[in-house]
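Below is one structure; the comments refer to it alone.
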Amino acid sequence: MPVANHNDQVKKYYNRSRWGYGLVMRDSQHFGYHPEGQPVSEWEAQQLMQDQIAIHLNLKAGDKVLDAGCGRGVVAIYLAAKTQAEIFGVDIVPFEIDKAKQLARKSGVEQFTYFDIRDYTQTQLGDASFDAVYTMETLSHAQNLDAALGEFWRVLKKQGRCVFFEYTLEPEAQFSPYEQQVLEAVIEGSSMTGLWDFRVGNFEKKLAKAGFTQITNTDISWRIEPSLRRLRNWAYLPYALVKLCSRQKAFPNLTAAVEFHKLGHKGLVHYNIFSAQKA
């Protein structure tokens, strides 16, 4: 699929999902980080997940940071307010960039945040212009993961840091035919074609190929399990109708909410924090 057509499919998915993310996730588009033995609300857990970005990147005031696939700016605005780092958010979905700018004004962090409609695989930003780069569950939408990582390497300064919060999949042979069918429906329905490149152990190789060093991978699947469970409980009844009508591809978020909870419990889908550095 040509890049332009793929990007159109991603935009279409987010336009279809705009009200769901707004109502169910309060404009956030990522899972929460749940502390052991300490129940927290989903909103608090999402903020704790955002804290993990600051921790892994060691963000400080004045750092120039690229948020690749910034969505509605929730993560960028939170980090800017907390660290006073300068965060440049890029996304290909126009209404989400508009929403991010509005939220930045409302939150009083306009001086620390910048949002623009750009493809993170070809940002047209300057070489070695950022101290850090992060993605929050957005690389699964990359049609060309190697191109995205090459672009991140290009815009990072020497010794620049990056962190990626993404899913990984066990080898295809471990999925039953039904599980594979569900996975394909979710990926096609949400234009998450990049997820096929996130088989266990593969992303680290791609990071190394792109020139990154000090690569780490931390599996935090158990930290997001309460988020998965909450989404499963919310989606269970409407998904029953979707499944009965064999419409999983048309409703990828409902399908993922229920089926990924099952896949996660079987150890077939993981949630990982990858970090690396530009040598």
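The values are calculated or read from the model by the stated rules, or taken from the named source; none is laboratory data. What you see is a predicted model; the values in this text were computed from it and never measured. Cβ coordinates were reconstructed from backbone atoms using ideal geometry, including for glycine residues, and neighbour counts include every protein chain displayed.
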Somewhere in the range 176-193, is a residue surrounded by 20 or more Cβ atoms within 10 Å (Cβ to Cβ) and over 25 Å from residue 250 (Cα atoms)?
-> no
For residues in the range 60-84 being touching a residue at least 40 places away in the same chain (Cβ under 8 Å) and surrounded by fewer than 24 Cβ atoms within 10 Å (Cβ to Cβ), which is farthest from residue 142 (Cα to Cα)?
-> 63
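Residue by residue, here is whether (1) under 27 Å from residue 251 (Cα atoms); (2) among the polar types (S, T, N, Q); (3) out of contact with any Leu (no Cβ under 6 Å at 6 or more places or on another chain) holds:
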site	(1), (2), (3)
19	yes, no, yes
39	no, no, yes
61	no, no, yes
77	no, no, no
Within the range 87-98, how many residues turn out to be touching a helix residue (DSSP H, G or I) at 6+ places or on another chain (Cβ under 9 Å) and buried (at least 19 other Cβ atoms within 10 Å of the Cβ)?
-> 8
Here, helices (runs of 4 or more DSSP H) confined to the range 1-62 with at least 2 residues that are over 17 Å from the mean Cα position of the chain (by Cα) and modelled with pLDDT under 90 are 3-16, 18-25
For the range 244-252, state whether one or more residues are in contact (Cβ under 8 Å) with a residue 40 or more places away in the chain, surrounded by 15 or more Cβ atoms within 10 Å (Cβ to Cβ) and not in a loop (DSSP other than H, G, I, E, B).
-> yes
Which residue pairs have Cβ atoms closer than 7 Å, lie 6 or more positions apart in sequence or on different chains, and pair a first residue in the range 189-213 that is more than 17 Å from residue 133 (Cβ to Cβ) with a second residue that is surrounded by fewer than 15 Cβ atoms within 10 Å (Cβ to Cβ) and at pLDDT 95 or above?
-> 199/171
Can we say residue 228 is crowded, with 17+ Cβ neighbours inside 10 Å and of a type in the set (A, V, I, L, M)?
-> yes
Among 152, 130, which is modelled with pLDDT of 95 or more, among the aromatic types (Phe, Trp, Tyr), buried (at least 22 other Cβ atoms within 10 Å of the Cβ) and in contact with a Leu (Cβ under 6 Å, 6 or more places away or on another chain)?
-> 130
Scan the range 136-151 for residues that are within 15 Å of the chain's Cα centre (by Cα) and not polar (S, T, N, Q) and report the count.
-> 8
